[in-house]
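Worksheet for the structure shown next.
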Amino acid sequence: MKSLYRRAILAAVLGAPPVAFAQSTPPTVLPDVPPAVKLDAPAVTAPAPKPIVMPSPIEHSGGVATDVPDGPQIAMPFGSAGAAMDNTVGPQLAMPFGSGGAAMDNTVYEQAWGPARALTASAPRHRATLADIVNEPVQYLFSQDGHFRVRGWLNAGSVYNSANPNSKYNGPYNAVDRNQEPLFNQSYTIMELGGIPTDGTFGVGGRLDMLFGTDALLAQSLGLEVGSAGQQRWNGTYYGLALPQMYLQAGVDCLSVKAGHFYSLVGYEGIPADGNFFYTHSYSYMFAGPFTHWGWLVNAKPNDNWEYEGGLVNGWNTLNGAVNEVNYMGRLRYTPDDKTWWSSFAVISGDQFNNVAQLPGIRPEVANRTRYSFLMGLTPGGPCGRLEYVFHYFHGFQANGTAAGSTAQWYGIDQYLFYRLTSTLRLGTRFEWMRDEDGTRVGLNRETNPNKAPLPGHYFSLTGGFNYSPCANVTIRPEIRYDFTSDLTRLPFADGTNRQQLLLAADVILRY
């Protein structure tokens with residue numbers, strides 16, 4: 001017995017696994033963790049994996065596959081208000097075109113960024129660790145084991161703008177655009193039927209997402225929630241109902257086809273609050289790319305390292321609009337075996353209306369619009385490590401997009417740094433720069449927002465905050481954000497009177 005106590009003391013000092021004093025007591029088997037997580041104790045026999053799994057996280061922009069991504073993820077901008085010819089706009093909203101991908105890259109959910117639900121594959125566990133607690137499963141109201149599954153979340157918050165603009169708008173639209181008002185951003189419901197089996201056999205599945213709240217603006221499509229000419233069909237100025245995803249999927253785990261309505265592959269942040277670290281969004285999300293698409297995609301996974309998604313879609317955020325053009329969209333992702341880093345490249349290209357901001361002097365026509373994103377993430381501790389860094393470079397250009405008939409361009413860099421301090425607390429920062437070279441993107445927002453394009457120049461923002469998850473079902477996200485600009489022909493903040501603004505924001509996500 002003295003020997004056992006000595007071993008226990010040494011284990012506590014050296015960090016070795018604790019000594020089991022009752023050798024006859026069987027080891028405790030805790031909930032499943034991803035097979036990618038390397039455990040430092042002998043494996044215990046795991047239960048056989050379920051034949052059907054829920055679709056992969058959301059297809060935002062880099063942003064995610066069919067379920068909501070667990071990392072920050074995804075980026076989407078908007079269409080100009082009331083532009084009848086723009087496939088992305090409505091009369092009282094600026095149809096965002098963010099990636100959705102965007103809130104981040106689909107690879108993010110593989111990194112277990114979410115407080116508890118990113119990784120779901122079956123694997124044995126030896127004892128409780130920080131990684132185990134972080135991936136504690138969400139307690140859903142409805143069973144997630146059957147062929148029909150329902151889950152979702154509620155999201156609400158508020159923003160304080162130190163500039164106190166008279167219009168109550170926080171400068172160029174930033175996805176939580178009303179100052180000092182309680183906002184019910186999302187009541188998000190996901191319904192899934194069937195799925196793709198993990199044993200190599202053929203399967204069929206479907207998914208329907210419903211979003212009610214102020215963020216419905218971001219998920220609308222011309223020809224569905226918004227008429228083909230841009231008129232609202234059933235939503236108001238601030239609150240509404242949108243159906244951001246409706247698709248069928250069929251195939252095997254290494255090769256499948258999806259058809260219908262889904263999130264964009266281009267970008268980093270996304271529409272679902274559950275997939276983003278911050279409450280507010282980046283400029284690349286707001287103004288630089290599409291949010292959703294109608295069409296079809298092929299998903300191919302030749303091995304554990306490479307994944308390709310690609311197909312044809314009807315432009316940006318359009319089911320049936322004044323302009324209906326076939327666009328190609330694709331993404332290639334790579335993750336090494338040790339999962340200490342990942343990278344992806346996504347692009348969408350095809351003809352679109354060339355003057356979404358309805359600027360004077362530009363000859364209206366349909367011409368090529370292209371947007372691409374390059375993403376790289378560093379995860380030195382692996383999927384359940386404490387530290388992660390994400391680099392996002394994006395570039396978009398519209399042919400014949402200026403009054404001189406030249407190509408309009410917008411581009412920039414987003415950088416994210418995340419650190420898990422404890423099992424319930426994760427810190428994060430975001431520094432971004434966006435250059436709207438010709439003033440054709442920033443300012444595409446609600447019709448009632450006075451901060452309209454053209455607003456050419458360099459845009460910067462620095463955001464810091466944390467995610468506190470007292471349990472897997474709840475996340476609280478306070479943050480502080482500083483925006484500033486340069487080289488502008490018109491001041492964008494405080495109703496066109498200032499070059500900078502300071503925002504204090506906080507929200508809560510409740511999963512069910």
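On the basis of being open to solvent by less than 20 Å² (accessible area, probe 1.4 Å), of a type outside the set (A, V, I, L, M, F, W, C) and more than 21 Å from residue 169 (Cα to Cα), does residue 430 make the cut?
yes
Among the numbered criteria (1) open to solvent by 10 Å² or more (accessible area, probe 1.4 Å); (2) closer than 20 Å to residue 314 by Cβ, which one does residue 220 miss?
(1)
Among the strands (runs of 3 or more DSSP E) lying completely within segment 337-406, list those that include at least 2 residues that are more than 24 Å from residue 270 (Cα to Cα) and touching a strand residue (DSSP E or B) at 6+ places or on another chain (Cβ under 7 Å).
The strands (runs of 3 or more DSSP E) meeting that bar are 366-378.
If a residue must be open to solvent by 10 Å² or more (accessible area, probe 1.4 Å) and touching a helix residue (DSSP H, G or I) at 6+ places or on another chain (Cβ under 8 Å), how many such residues does segment 400-421 contain?
1
Name the one entry in 351, 337 that is charged (D, E, K, R) and surrounded by fewer than 17 Cβ atoms within 10 Å (Cβ to Cβ).
Within the list 351, 337, the selection yields 337.
Counting only residues that are among the basic types (Lys, Arg) and surrounded by 24 or more Cβ atoms within 10 Å (Cβ to Cβ), which one in segment 357-399 is nearest to residue 327 (Cα to Cα)?
Here the answer is 369.
Can you name the residue in segment 272-315 that is of a type in the set (A, V, I, L, M) and surrounded by 24 or more Cβ atoms within 10 Å (Cβ to Cβ) and, of all such residues, is nearest to residue 417 (Cα to Cα)?
Checked segment 272-315; the qualifying residue nearest to residue 417 (Cα to Cα) is 273.
Yes or no, residue by residue, for (1) in contact (Cβ under 8 Å) with a residue 40 or more places away in the chain; (2) closer than 16 Å to residue 446 by Cα; (3) under 17 Å from the mean Cα position of the chain (by Cα):
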position: 197; (1), (2), (3): yes, no, no
position: 207; (1), (2), (3): yes, no, no
position: 218; (1), (2), (3): yes, yes, yes
position: 222; (1), (2), (3): yes, yes, no
position: 231; (1), (2), (3): yes, yes, no
position: 240; (1), (2), (3): no, yes, no
position: 247; (1), (2), (3): yes, no, no
position: 253; (1), (2), (3): yes, no, no
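Going residue by residue through segment 252-266, is there one that turns out to be crowded, with 19+ Cβ neighbours inside 10 Å and more than 28 Å from residue 298 (Cβ to Cβ)?
no
Please state which of the following conditions residue 171 fails to meet, knowing it meets all the rest: (1) open to solvent by 10 Å² or more (accessible area, probe 1.4 Å); (2) in contact with a strand residue (DSSP E or B) (Cβ under 9 Å, 6 or more places away or on another chain).
With (1) open to solvent by 10 Å² or more (accessible area, probe 1.4 Å); (2) in contact with a strand residue (DSSP E or B) (Cβ under 9 Å, 6 or more places away or on another chain) applied to residue 171, the lone miss is (1).
Starting from segment 162-180, keep only residues that are within 18 Å of residue 490 (Cβ to Cβ), then list their pairs with residues that are outside any loop (DSSP other than H, G, I, E, B) and among the small types (Gly, Ala, Ser) whose Cβ atoms are within a distance under 9 Å, requiring at least 6 positions of separation or different chains.
Every condition considered, the pairs that remain are 174/461.
Restricting to segment 461-479, count the residues that are in contact with a Ser or Thr (Cβ under 7 Å, 6 or more places away or on another chain) and either under 20 Å from residue 180 (Cα atoms) or open to solvent by 10 Å² or more (accessible area, probe 1.4 Å) (or both).
7
Can you name the residue in segment 225-239 that is open to solvent by less than 30 Å² (accessible area, probe 1.4 Å), out of contact with any Asp or Glu (no Cβ under 7 Å at 6 or more places or on another chain) and in a loop (DSSP other than H, G, I, E, B) and, of all such residues, is modelled with the lowest pLDDT?
Ranking the candidates gives 230 first.
Could you tell me whether segment 293-307 includes any residue that is among the β-branched types (Val, Ile, Thr) and assigned to a loop (DSSP other than H, G, I, E, B)?
No, segment 293-307 has no match at all.
The values are calculated or read from the model by the stated rules, or taken from the named source; none is laboratory data. All of these numbers come straight from a predicted model, not from anything done at the bench. In this analysis, Cβ positions are derived from the backbone assuming ideal geometry, glycine residues included, and neighbour counts consider all displayed protein chains. Quick note on the areas: whole protein, heavy atoms, side chains included, nothing else; ligands and nucleic acids left out. Shrake-Rupley method; radii C 1.70, N 1.55, O 1.52, S 1.80 Å.
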